[in-house]
Amino acid sequence: MTSNNLTVRNLAFINGNYTAAVTGKVYPVHNPADGTVITEVSACDAIDVRCAAQHARAAFDDGRWSSLRPSDKKKRMLAFADLIEANAAELAALETRNTGKPIRDTETVDIPKSVNMLRWYAEAADKIYGGVAPTAPSVHAFISREPLGVIGAVIPWNFPLYLAAYKLGPALVTGNSIVIKPADQTPLSLLRVAELASLAGIPDGVLNVVPGSGESVGQALGLDPDVDALAFTGSPQVAKRFLAYAAESNMKKVMIEGGGKCANIVLADVEDLDRAAFDAAWGVFFNNGQVCSAGSRLVVEESIADQLIEKIRNLTANIRVGDPSDPATEIGAIIDERHLNNIERFVRGGESDGAILVCGGKRLLEHTGGWYFEPTIFDHARNDMDIARDEIFGPVLTVIRAGDAEEAIDIANDSQFALGAALWTQDVTKALKYAKQLRAGQVWVNNYDGSDLTVPWGGFRLSGTGRDKSLEALNEYTGSKATWIEVAR
Ligand code: TAP
């Protein structure tokens, strides 16, 4: 099916075929830029999940993928990445249409990073070694890493293809089969790349994509007896549901990448205030703040607060918000109207709690039919306000002023989340001391949100339990197995 030269797939992808939901039900998928319906996608439910999980189980058990030579898996995974790259322009346009993200971001971030991620893990396929334990000489005990079996993956809408690649890369190269549920708002890029996986030689049943709501498809995956492990990225509220599903069913392993309310701490001795201001602005406004690691709490030492906030306000005034398909656009649309309402509710709450609105705070471009919001800054917030405690997941910066560095660290750590935290200082002693004290899966010193696929990614507390990216992710999708061979008595 083609819509304005984009290949739009709107059926589930199960056992190598595009398949309608058993009930025949569909639901509309929208373009956040103008609110129009792009297509109607299969609204799958538990029956479809069961079917996909059984095919994934069969594929795993008969070894059509799990028993391939690692070098063969590598070849096919590299071909998969190559095919995504060959279709990058179309996929970027599709991702922009479906998410409201600026085309400049989908072209330079979402699609190329997904390709890199898959390629990096493909390269790892034939570099995973086991070990031999230092037991008594009469015994040979070797330790190997075994695939877990069938992985259920559930992902959010903010980076639909890229976050899918976080799961697909390490899950597939280690020999697992996978059933993946995209967020209901954003199934299109993943449904399109499923057929590219087949073309690349990934056997039928190994990669299945089942679109539909969390309450039906997500829950069914969480409870399915054939699913051995669940890889989830999303909110802590839903993550807790998956822990409960695992407990109620087969005690499947649950890997969680939860949310964040990251603190970006700027101390008075910061060396480059312009750079800190730039990173503070883009650390929260990139992708409309719909980023788990958004620097949504700016904790700044009082003595430089006015100066820093003025710089961020000036940068914010020049951000181009608008049509995501325009290459000049820097911030596009919010994912849907419900989320836009949610962001607006937080902003009104911030005002009534007594935080001072520096700029923004309103909807934009309503005549387009799309869902836009002004980049917004609150000053003089307290850390007990909802705008400082909850993940808004929108373009809202909450500034909290601290009397000194110690107070800034206390404020940063006083959160239910622990995903990332940044610290700006030119004093190496403070950098080392406070980086150690900050409770977060990632600590950035004199930068915001540094990351690379070679470095593990994840958090503590409600921010999650698993680690994506890097070789550590390979451990998440495998279990260690000990084989004990008695060689002499
Ligand atoms: P959620 O509402 O948690 O949804 C995530 C996924 O879970 C969606 O596919 C959703 O399905 C599904 N789901 C919803 N309710 C479910 C249920 N009862 N049972 C099973 N599955 C269910 O998150 P979101 O709003 O899409 O995404 C934003 C969240 O993701 C934020 O908290 C953000 O911080 C987090 N996030 C974290 C990271 C990392 S790396 N830590 C990265 C990106 C995003 P439907 O929406 O289709 O119904």
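The values are calculated or read from the model by the stated rules, or taken from the named source; none is laboratory data. None of the values given here were measured: they were computed from a predicted structure. Cβ coordinates were reconstructed from backbone atoms using ideal geometry, including for glycine residues, and neighbour counts include every protein chain displayed. Only protein heavy atoms, including side chains, enter the accessible area calculation; ligands, DNA and RNA are left aside. Shrake-Rupley method; radii C 1.70, N 1.55, O 1.52, S 1.80 Å.
Points to keep in mind about this one:
- Scanning segment 1-31 for residues that are open to solvent by 70 Å² or more (accessible area, probe 1.4 Å) and not in a strand (DSSP E or B) gives Met1, Asn4, Asn5, Val22, Lys25.
- Summed over segment 360-396, residues that are of a type in the set (S, T, N, Q) and under 26 Å from Leu462 (Cα atoms) total 2.
- The criterion of being in contact (Cβ under 8 Å) with a residue 24 or more places away in the chain, under 15 Å from the mean Cα position of the chain (by Cα) and not in a loop (DSSP other than H, G, I, E, B) does not hold for Ile178.
- Selected residue (only one of Arg345, Arg313, Arg320 is touching a strand residue (DSSP E or B) at 6+ places or on another chain (Cβ under 8 Å), within 18 Å of Ile377 (Cα to Cα) and exposed (fewer than 13 other Cβ atoms within 10 Å of the Cβ)): Arg320
- Failed item, numbered, when Leu199 is tested on (1) surrounded by 24 or more Cβ atoms within 10 Å (Cβ to Cβ); (2) out of contact with any Asp or Glu (no Cβ under 8 Å at 6 or more places or on another chain): (1)
- For segment 190-233, a residue qualifies if it is within 14 Å of the ligand (Cβ to nearest atom) and in a helix (DSSP H, G or I), and the qualifying residues are Leu190, Leu191, Gly214, Glu215, Ser216, Val217, Gly218, Gln219, Ala220, Leu221, Gly222, Leu223.
Residue by residue, here is whether (1) of a type in the set (A, V, I, L, M, F, W, C); (2) in contact with a Ser or Thr (Cβ under 6 Å, 6 or more places away or on another chain); (3) assigned to a loop (DSSP other than H, G, I, E, B); (4) under 28 Å from Gly258 (Cβ atoms) holds:
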residue	(1), (2), (3), (4)
Trp65	yes, no, yes, no
Lys74	no, no, no, no
Leu78	yes, no, no, no
Ala93	yes, no, no, no
Pro112	no, no, no, yes
Ala141	yes, yes, no, no
Ser144	no, no, no, no
Ile151	yes, no, no, yes
Asn158	no, no, yes, yes
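- So Lys240, is it within 13 Å of the ligand (Cβ to nearest atom), surrounded by fewer than 18 Cβ atoms within 10 Å (Cβ to Cβ) and of a type in the set (D, E, K, R): yes
- In segment 295-310, residue nearest to Ile411 (Cα to Cα) [restricted to those that are open to solvent by less than 10 Å² (accessible area, probe 1.4 Å) and in contact with a helix residue (DSSP H, G or I) (Cβ under 7 Å, 6 or more places away or on another chain)]: Val299
- Some residue of segment 276-287 being surrounded by fewer than 24 Cβ atoms within 10 Å (Cβ to Cβ), outside the structural domain of Asn413 (by TED's automatic domain parsing), within 16 Å of the ligand (Cβ to nearest atom) and more than 30 Å from Lys75 (Cα to Cα): no
- Spans of strands (runs of 3 or more DSSP E) in segment 359-453 with at least 3 residues touching a residue at least 60 places away in the same chain (Cβ under 8 Å): 396-402, 420-424
- Tabulated pairs, segment 187-199, first in the same structural domain as Ala88 (by TED's automatic domain parsing) and in contact (Cβ under 8 Å) with a residue 60 or more places away in the chain, second hydroxyl-bearing (Ser, Thr, Tyr) and surrounded by fewer than 24 Cβ atoms within 10 Å (Cβ to Cβ), C-beta under 9 angstrom, 6+ apart or interchain: Leu188/Thr39; Leu191/Tyr18; Arg192/Thr7; Ala194/Tyr18; Glu195/Thr7; Glu195/Tyr18
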